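The values are calculated or read from the model by the stated rules, or taken from the named source; none is laboratory data. Keep in mind it's a predicted model, so treat the numbers as computed, not measured. Every residue, glycine as well, gets a Cβ built from its backbone with ideal geometry; the counts of neighbours run over all protein chains shown.
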């Protein structure tokens, strides 16, 4: 069976995007893992699937699978690519759409030259909303790491769970060592994305993210939203912030009690076809 797909990326966070409205296919976790393999498959951080919506007054359903085959609730860089994909593949003529995700409705708006602005919804902070195990709600929490070390974090749900810590320099932060400990920490029953943010000034920050089920990526849109919201809650960042990741920059806007807005670029890499039987064997 031939499967058509498009390879895209948002700031180097790369995706295989599949239209399952115009074609039919069943992609289980093992097949997704094989497709994600960068040596023997297509290679990607996440698989994005376009489906018809289940809800009224919504344009599309958007499903996201990590490279390990696990389905996740949200992906910010992915939703920008999703919006460009459905428009360019003529699945819609709209430049502003409503998209159903596991985390709720998001509303991307296609701009010029592949840039997309997205209403990412309301951030959540209560422990049960992350989910995160805590005795009581707080602004900051200390979690235990290996060898008696501890890490101070903020927790934010942007449709998926994030733990944010502030570091003096993202270049020297031990993302490879601390990231996996935070991702699989016992206080996060559904695991978590670990963000390491450096504050440059009130309007600029840098970020690295160790993503749940993926590892460190070149960019994470929901991670950028969570980090900026965390910085604003701590009184360290303004209401509009340019945040720099390894793959490029995003603009994040938020005022307390309001939705988070994310603006950033998208890129097409190539369109392709593959024999799905090869990956399902």
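Could you tell me which residue of the range 68-86 is farthest from residue 110 (Cα to Cα), considering only residues that are under 13 Å from the mean Cα position of the chain (by Cα) and in a loop (DSSP other than H, G, I, E, B)?
If we filter the range 68-86 for residues that are under 13 Å from the mean Cα position of the chain (by Cα), which is where we start, we get 71-82.
Within this subset, residues satisfying the condition of being in a loop (DSSP other than H, G, I, E, B) are 73-75.
Details: 73: 22, 74: 18, 75: 17 Å.
Only one residue fits best here, namely 73.
For the range 141-173, enumerate the residues that are more than 22 Å from residue 73 (Cβ to Cβ) and in a loop (DSSP other than H, G, I, E, B). Spell out how you get there, then give the answer.
Restricting attention to the range 141-173, the residues satisfying the condition of being more than 22 Å from residue 73 (Cβ to Cβ) are 142, 144-152, 166-173.
Across the range 141-173, the qualifying residues are 145, 149, 167, 168, 169, 170, 171, 172, 173.
Checking residue 184 against (1) within 20 Å of residue 64 (Cβ to Cβ); (2) touching a residue at least 12 places away in the same chain (Cβ under 8 Å): exactly one of these is not met. Which one?
Exception for residue 184: condition (2).
State all residues of the range 189-210 that are closer than 11 Å to residue 231 by Cβ and within 15 Å of the chain's Cα centre (by Cα); if no residue qualifies, say none.
Correct list: 195, 207.
Within the range 92-100, is there a residue that is closer than 26 Å to residue 29 by Cβ and either touching a strand residue (DSSP E or B) at 6+ places or on another chain (Cβ under 9 Å) or surrounded by fewer than 17 Cβ atoms within 10 Å (Cβ to Cβ) (or both)?
Within the range 92-100, the first condition is being closer than 26 Å to residue 29 by Cβ, and the residues that meet it are 99-100.
In the following step, the residues that additionally are either touching a strand residue (DSSP E or B) at 6+ places or on another chain (Cβ under 9 Å) or surrounded by fewer than 17 Cβ atoms within 10 Å (Cβ to Cβ) (or both) were identified as 99-100.
Yes, because at least one residue in the range 92-100 is closer than 26 Å to residue 29 by Cβ and either touching a strand residue (DSSP E or B) at 6+ places or on another chain (Cβ under 9 Å) or surrounded by fewer than 17 Cβ atoms within 10 Å (Cβ to Cβ) (or both).
Mind listing whichever residues of the range 50-72 are in contact with a strand residue (DSSP E or B) (Cβ under 8 Å, 6 or more places away or on another chain) and farther than 21 Å from residue 25 by Cα? Give the steps one after another, and end with the answer.
From the range 50-72, those in contact with a strand residue (DSSP E or B) (Cβ under 8 Å, 6 or more places away or on another chain) are 50-55, 58-67, 71-72; that's our starting set.
Listed by number, the residues that qualify are 55, 58.
Tell me, yes or no, whether the range 87-105 has at least one residue that is in the same structural domain as residue 11 (by TED's automatic domain parsing), part of a helix (DSSP H, G or I) and under 16 Å from residue 17 (Cα atoms). Walk me through it before giving the result.
Kept after step one, since they are in the same structural domain as residue 11 (by TED's automatic domain parsing), are these residues of the range 87-105: 87-105.
Subsequent filtering for residues that are part of a helix (DSSP H, G or I) retains 87-88.
Imposing the further condition that a residue be under 16 Å from residue 17 (Cα atoms) reduces the set to 87-88.
Checked the range 87-105: at least one residue is in the same structural domain as residue 11 (by TED's automatic domain parsing), part of a helix (DSSP H, G or I) and under 16 Å from residue 17 (Cα atoms).
Evaluate the following for residue 176: is it surrounded by fewer than 17 Cβ atoms within 10 Å (Cβ to Cβ) and modelled with pLDDT of 95 or more? Quick ask: steps written out before the conclusion?
Values: surrounded by fewer than 17 Cβ atoms within 10 Å (Cβ to Cβ): yes; modelled with pLDDT of 95 or more: yes.
Criteria met by residue 176.
Considering (1) surrounded by fewer than 16 Cβ atoms within 10 Å (Cβ to Cβ); (2) in contact (Cβ under 8 Å) with a residue 12 or more places away in the chain; (3) over 17 Å from residue 269 (Cβ atoms), say which one residue 62 fails and leave the rest.
Here residue 62 meets the rest and fails (1).
Just give me the residues in the range 150-165 being farther than 16 Å from residue 137 by Cα and either in the same structural domain as residue 79 (by TED's automatic domain parsing) or crowded, with 20+ Cβ neighbours inside 10 Å (or both), in sequence order.
Applying the first criterion (farther than 16 Å from residue 137 by Cα) to the range 150-165 yields 150-151, 158-160, 165.
Within the range 150-165, 158, 159, 160 meet the criteria.
Restricting to the range 174-188, name every residue that is part of a loop (DSSP other than H, G, I, E, B) and either over 19 Å from the mean Cα position of the chain (by Cα) or not assigned by TED's automatic domain parsing to the domain that holds residue 245 (or both).
174, 185, 186, 187
Surrounded by fewer than 21 Cβ atoms within 10 Å (Cβ to Cβ) and more than 17 Å from the chain's Cα centre (by Cα): does that describe residue 213?
On the way: surrounded by fewer than 21 Cβ atoms within 10 Å (Cβ to Cβ): yes; more than 17 Å from the chain's Cα centre (by Cα): no.
For residue 213, the condition - surrounded by fewer than 21 Cβ atoms within 10 Å (Cβ to Cβ) and more than 17 Å from the chain's Cα centre (by Cα) - is not met.
Would you confirm, using the coordinates I've provided, whether residue 35 is in contact with a helix residue (DSSP H, G or I) (Cβ under 8 Å, 6 or more places away or on another chain), at positive phi and modelled with pLDDT of 95 or more? I'd like the intermediate steps shown before the answer.
Details: in contact with a helix residue (DSSP H, G or I) (Cβ under 8 Å, 6 or more places away or on another chain): yes; at positive phi: no; modelled with pLDDT of 95 or more: yes.
So residue 35 fails the test.
Among the numbered criteria (1) touching a helix residue (DSSP H, G or I) at 6+ places or on another chain (Cβ under 8 Å); (2) surrounded by fewer than 19 Cβ atoms within 10 Å (Cβ to Cβ); (3) in a strand (DSSP E or B), which one does residue 238 miss?
Answer for residue 238: the failing condition is (3).
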